[in-house]
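Quick notes on the structure that follows.
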Amino acid sequence: MDRMLPLRALAALLLLGVATPARAQMGPMTVTLRVVDQNGQELTGSKVSLVGGELSWETPATASLDFGPQLFTVEPAFQGAMFPNGWHRPAAPNGLVRDEFLFVDGSPELVIVWNTAQVAISDAGGGWGFEGEGAWYGPGSVSAPVTDESVYNSMSGPSRDGWRFGVRAAFDGQAIDLTRAEAREVDGSTTGLSFEWRQSACNMGVVDGTGAPIRGATWTMFGHTFAAGDAITLPATDDPSYGGALAAGIPATLFTNTANGTGNATFEVNEGGSLSPAFVEVNGGSFGLRCGVAPFPPVTTGTLDGTVLADGKPKPGVSVTLLDAGNGTHELTTDAVGGFVFTNVPEGAATVTIKVPAGYHALKPSPAR
């Protein structure tokens with residue numbers, strides 16, 4: 001029964017078979033090593049190493065090689081305008097290599113082919129990169145070496161099941177320190193890779209311990225201040241595989257507009273859009289951030305009150321008239337302590353007129369409270 005010989009074993013037999021006295025006396029030959037794609041485009045920055053030795057080259061490169069069959073390993077590089085020098089060969093935890101048998105026969109070039117796909121990459125606004133490297137790139141097009149084992153069944157390395165990418169989240173179009181890893185296969189049919197981030201969008205507001213929204217309360221996240229009912233889109237943080245400083249949650253400052261004042265808290269953003277914890281303590285009070293809060297209607301009316309004094313003492317029973325900004329007239333009589341209160345007064349300038357009681361004359365108005 002015939003059996004297939006491993007590539008490296010076959011190379012060893014060929015090396016034994018071609019060694020002749022004449023050829024053994026030939027010195028090293030200078031050749032140019034190149035790695036190209038299926039269209040002949042240079043895959044600059046690819047690494048070629050000589051099996052059984054310590055020699056390696058970053059292609060294209062000039063090498064001095066002995067005559068005869070040689071076994072190499074090749075590690076392909078991505079090509080793209082976003083990379084420094086126009087190329088990038090992903091480092092660990094990525095890694096993709098295969099063996100390539102070549103015959104050094106005096107030709108000026110040794111060319112190794114690694115198929116690629118022209119891939120348009122998009123992201124959620126925070127950027128993409130390669131897992132573990134910490135470098136981030138924007139949307140763009142790359143020539144990506146294929147990881148298709150049906151094309152190269154001798155591939156090995158952690159990327160043989162897909163390139164290991166890094167994805168970074170964004171808030172309001174700005175990248176934030178929240179990341180995840182994602183493996184993607186690339187084959188000849190791959191034309192695009194879209195890296196999304198699960199997000200929750202809602203109208204949010206500060207609530208008290210009963211879940212009721214608080215008028216005038218605000219909160220700050222990422223340097224932005226929001227009020228009740230403002231629309232906000234937050235990236236999810238609830239996956240234990242996420243990394244970065246924000247993997248434990250998003251810091252916020254709550255301005256409660258109550259006697260409890262201001263406090264800081266960190267909220268995890270869950271899949272359904274809710275935040276955890278539901279409530280946090282702020283100076284002895286319970287408060288939270290909640291989706292589904294509607295904006296408060298604007299305040300268009302107010303209260304105007306004052307006190308009428310006679311001989312320095314409160315004067316009850318005095319007639320007081322208010323002319324509001326809409327030319328509406330309101331009348332009332334001061335109470336037992338000389339006070340008057342006009343409610344639901346339209347916003348704007350108002351005039352208060354006091355009818356001076358018999359036996360008195362007007363001196364000056366008392367400041368309104």
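Compared with the alpha-carbon gap, the fully stretched path from T353 to A120 is longer by 76.4 nm at 0.36 nm per residue. Springs between alpha-carbon atoms under 10 Å, Gaussian network over the chain: tell me which of P76, P316, P28 tops the mean-square fluctuations. Highest fluctuation of the listed residues: P316. Placing pseudo-labels 7 Å out from each Cα toward the beta carbon at V151 and T266 gives an inter-label distance of 4.4 nm.
Sorted by average packing, counted as other Cβ atoms within 10 angstrom per residue and highest first, what order do 124-136, 270-282 take?
124-136, 270-282
Karplus-derived 3J(HN,Hα) values for the range 316-323, using 6.51 cos²θ - 1.76 cosθ + 1.60 with θ = phi - 60°, are x, x, 8, 7, 10, 10, 10, 10 Hz; glycine and proline are entered as x. Taking each DSSP H run with n ≥ 4 as -39500 (n - 2.57) and averaging over every residue of the chain yields -1000 deg cm²/dmol at 222 nm.
A straight Cα-to-Cα reach below 18 Å connects K315 with the aspartates and glutamates D305, E331, D335, residues fewer than 8 places away in its own chain not being considered.
A simple rule links phi to the HN-Hα coupling: the Karplus curve 6.51 cos²θ - 1.76 cosθ + 1.60 with θ = phi - 60°, which for the range 198-203 gives 4, 10, 10, 10, 6, 9 Hz, with x for Gly and Pro. Between T333 and A362, the distance separating the two model label sites (each 7 Å from Cα on the Cα→Cβ line) works out to 2.1 nm. Only Lys, Arg, Asp and Glu carry charge here, each on its Cβ (+1 for the first two, -1 for the last two); on that basis the chain has a dipole of about 1020 debye about its Cα centre.
Less than 5 angstrom separates the built amide H of E268 from those of I250, S276, all sequence-distant by 5 or more or on a different chain. Ranking of H224, H361, H88, H330 by neighbouring Cβ atoms within 10 Å, starting from the fewest: H361, H224, H330, H88.
Each reported figure results from applying straightforward, stated rules to the coordinates on display, with no laboratory input. Being a predicted model, the structure only gives us computed values, none of them experimental. As a convention, Cβ positions derive from the backbone with ideal geometry for all residues, glycine included, and neighbour counts pool all protein chains shown.
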